[in-house]
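Quick notes on the structure that follows.
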There are 2 protein chains.
Amino acid sequence: MDDFDPAALHVGLAHGNGGRLMRGLITNLFRPHLGNPALDTEADAAPITLPPGEIVVTTDGFTVQPLQFPGGDIGALAIDGTVNDLAVSGARPLYVTLSMFIEEGLPMALLETIVTSLGTAADAAGVKVVAGDTKVVPRGQGGGLYLALTGIGVRPLGCTLGMAAIRSGDVVLLSGPVGDHGIAVMLAREAFGLRGDLKSDAASVLPLTQALLPLPGLRFMRDPTRGGLATVAHEIARGTHRRVNLDEGMIPISPATASVCAMLGYDPLYLASEGRVVAVIAPEQATTALAAWRALPQGGAAAIIGRIADPAGLDDPAVMLHTRIGGARILAELEADPLPRIC
Amino acid sequence: MDDFDPAALHVGLAHGNGGRLMRGLITNLFRPHLGNPALDTEADAAPITLPPGEIVVTTDGFTVQPLQFPGGDIGALAIDGTVNDLAVSGARPLYVTLSMFIEEGLPMALLETIVTSLGTAADAAGVKVVAGDTKVVPRGQGGGLYLALTGIGVRPLGCTLGMAAIRSGDVVLLSGPVGDHGIAVMLAREAFGLRGDLKSDAASVLPLTQALLPLPGLRFMRDPTRGGLATVAHEIARGTHRRVNLDEGMIPISPATASVCAMLGYDPLYLASEGRVVAVIAPEQATTALAAWRALPQGGAAAIIGRIADPAGLDDPAVMLHTRIGGARILAELEADPLPRIC
């Protein structure tokens with residue numbers, strides 16, 4: 001009776017109607033791959049237990065096109081993106097909820113691949129999927145699959161991480177090359193024949209954030225996703241009413257991403273990463289933080305890329321890029337997204 | 001600078017790109033209407049505080065078509081649906097997260113109406129929107145607007161509500177007429193010219209669930225949404241390995257819904273409600289529970305509609321409907337949804 005109709009090669013509207021086929025899909029596809037005995041698919045709401053500390057929550061929608069790309073897919077990306085929002089807030093991610101909007105006609109095998117990938121990423125990040133929901137929308141009213149996740153985590157009480165902690169003179173760190181995710185998705189989408197070995201950087205940043213949390217000089221962390229490093233710099237400038245000075249020559253960019261950007265006219269500073277962290281830290285602890293990151297597999301290319309400064313005046317530009325040849329240019333706020341739908 | 005471009009009559013892709021236009025949309029449209037000072041739209045994750053008790057979470061996606069219908073819209077429905085999943089689990093709903101998938105071209109005025117309605121419903125149910133995310137998908141890849149909400153609530157420690165508590169002889173209660181929501185959405189969708197005064201029942205069921213929680217004989221509650229009352233009866237039968245006997249003549253159905261169903265050939269027992277509760281309770285407390293519901297504005301038509309029984313044998317049908325004329329018929333499990341996309 002509990003069957004999602006293995007003969008069905010594609011998801012149909014009946015897989016989302018609350019009846020027998022939907023129950024089969026949940027029992028035979030979602031539950032085994034999400035691998036969590038606590039995922040009681042018969043209950044309206046799931047109980048969770050949390051360790052002591054401050055509870056933090058985040059939510060994110062995922063609409064990446066195509067659903068699979070070099071280095072990942074929408075399933076792993078959704079877990080990593082949700083985990084990362086909690087991680088940069090100083091929290092340990094513990095639980096996620098998963099809401100799926102499946103377009104009628106999605107190949108069942110692709111759905112299974114994505115759900116498997118999502119489960120693997122959740123295991124790797126140490127989070128449990130505790131509640132889920134499935135809706136099937138008619139053909140032509142969805143992009144194959146959209147996911148919405150909410151993450152719940154806990155951070156130490158009295159955690160003061162945030163824009164408000166940032167001081168002039170603080171140092172800006174970056175954990176690794178920026179823009180690889182944006183370029184990987186773009187290459188998967190377009191028929192450029194440029195694939196090579198360029199892969200998305202999508203990953204949990206939890207090891208990176210946990211490595212810096214013991215440092216009392218740590219002020220703020222954020223992952224440079226939509227809008228890239230330039231957008232994070234603008235968010236910091238706006239949130240602190242200070243200037244962010246970035247040193248172009250110190251910003252790590254992978255050779256493959258740099259050459260694709262040069263060829264196609266993209267600026268990697270505006271492109272998304274999904275496994276990097278920007279951190280702001282007191283100057284006296286910057287080298288300690290840098291060493292901690294460089295000791296991690298994900299942080300080998302970490303670098304000190306800039307500094308927070310007082311604004312020179314009311315019209316002072318918020319973000320300045322100090323170029324390799326000794327000049328400086330204003331790094332403008334993102335207006336039109338060069339590469340939409342990368343997350 | 002913080003402007004969502006009031007000249008824009010429709011949502012564009014740039015409203016979802018993480019840049020200036022998206023920030024304007026959040027600052028000028030979402031934040032004021034969601035009316036929660038704790039909604040820090042600049043942070044990756046939001047801290048929340050919870051009272052003592054067991055924490056429960058739920059998630060739900062909303063794809064109702066059309067986005068507005070008599071008695072509600074997708075915004076209020078999303079809050080009520082999420083709140084109700086927590087309420088029937090015995091919890092007091094406290095926080096929700098909100099993920100929006102907006103289709104390019106959605107009229108800005110309609111978005112504002114829906115967000116306003118969502119904020120009003122959240123206030124009425126006593127929940128705060130603590131985190132949000134906005135994605136804009138290209139024209140032709142979304143149904144105008146899809147919402148995904150996650151709800152977080154707290155229930156008393158040691159709450160034993162659930163299928164496992166149900167015993168043979170227990171009584172099944174229903175808080176009010178079923179199917180009004182399904183019919184209201186269907187009439188809004190089709191040009192039947194049958195509107196009359198039929199309205200969706202969408203509402204928070206929190207007053208109903210809180211009224212029964214003090215009764216130690218309360219076993220289980222669920223809101224009959226997708227698949228309707230018949231689907232809840234099947235879920236109970238499956239979860240308890242018992243039979244559910246329903247008394248057709250006792251099931252409240254509003255005259256307007258009954259006549260539309262008779263005309264168009266729908267069975268109201270399979271149609272969604274979004275403001276009703278099915279409760280299973282020990283027989284000795286059934287009349288107390290009924291009186292408690294009938295004392296509430298939402299529970300005036302509450303009724304005892306059935307009873308849990310031992311199965312007569314392996315092939316015993318799970319759900320029997322005892323008809324007005326003294327017969328009995330098997331109430332089959334939902335196969336094809338008569339009215340898709342009602343939530």
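The values are calculated or read from the model by the stated rules, or taken from the named source; none is laboratory data. Just so you know, these numbers come straight off a predicted model, no measurement behind them. Cβ sites come from the backbone with ideal geometry, for glycine too, and all protein chains shown count toward neighbours. Surface accessibility is based on the protein's heavy atoms, side chains included, excluding ligands, DNA and RNA. Shrake-Rupley method; radii C 1.70, N 1.55, O 1.52, S 1.80 Å.
The table below gives the values:
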quantity	calculated
Percent of beta bridges antiparallel (DSSP, the protein assembly as shown, rounded to nearest 5)	75
Positive dipole terminus of the protein assembly as shown, leading residue within B:LEU187, A:VAL280, A:LEU149 (C-beta point charges)	A:VAL280
From phi via Karplus (6.51, -1.76, 1.60), per-residue ³J(HN,Hα) for region A:21-31 in Hz, x at Gly/Pro	5, 5, 4, x, 4, 5, 5, 9, 10, 6, 4
Averaged over A:43-54, number of beta-carbon atoms from partner chains that fall within 10 Å	6
Rg/Rg_ref, region A:13-155, where Rg_ref = 2.2 N^0.38 Å and atoms are Cα	1.02
Within the protein assembly as shown, helix-based [θ] at 222 nm, where runs of 4 or more DSSP H residues each add -39,500 (n - 2.57), nearest 500	-8000 deg cm²/dmol
Alpha carbon centroid spacing (whole Å) that separates region A:110-147 from region B:226-297	32
Under the span-like rule (Cα at least 24 Å along the axis, Kyte-Doolittle mean at least 1.0), DSSP H helices of chain B	B:108-125
Separation in nanometres of the label points that stand 7 Å from Cα toward Cβ, at B:HIS241 and B:LEU50	3.2
Shielding by partners - mean other protein chain Cβ count within 10 Å, residues of B:157-170	1
Rough spin-label spacing in nm, given labels placed 7 Å along Cα→Cβ, for A:MET250 and A:THR287	1.3
Under-5 Å amide H pairs with B:ASP133, H placed in peptide plane, nonlocal only	B:LEU98, B:SER99, B:MET100
Shielding by partners - mean other protein chain Cβ count within 10 Å, residues of A:143-149	6
Gain in span if fully extended, B:ILE325 to B:LEU264, counting 0.36 nm per residue against the direct Cα distance	19.7 nm
Of all accessible heavy-atom area on the protein assembly as shown, the percent that carbon and sulfur account for (1.4 Å)	57
Taking chain A and dividing mean pair separation by its residue count, relative contact order in percent (alpha carbons under 8 Å, at least six apart)	21
Where chain B is the region considered: accessible area per residue in Å², 1.4 Å probe	36
Label geometry 7 Å along the beta-carbon vector: A:ALA109 inter-copy distances in nm	5.0
Per-peptide average of other Cβ atoms within 10 Å, ordering B:269-276, B:158-165 highest first	B:269-276, B:158-165
Sequence ranges A:232-241, A:253-262, A:291-300, ranked by mean other-Cβ count within 10 angstrom, highest first	A:232-241, A:253-262, A:291-300
Region A:30-139: GluC sites (Glu not before Pro) in DSSP coil with no more than 15 other Cβ atoms inside 10 Å	A:GLU42
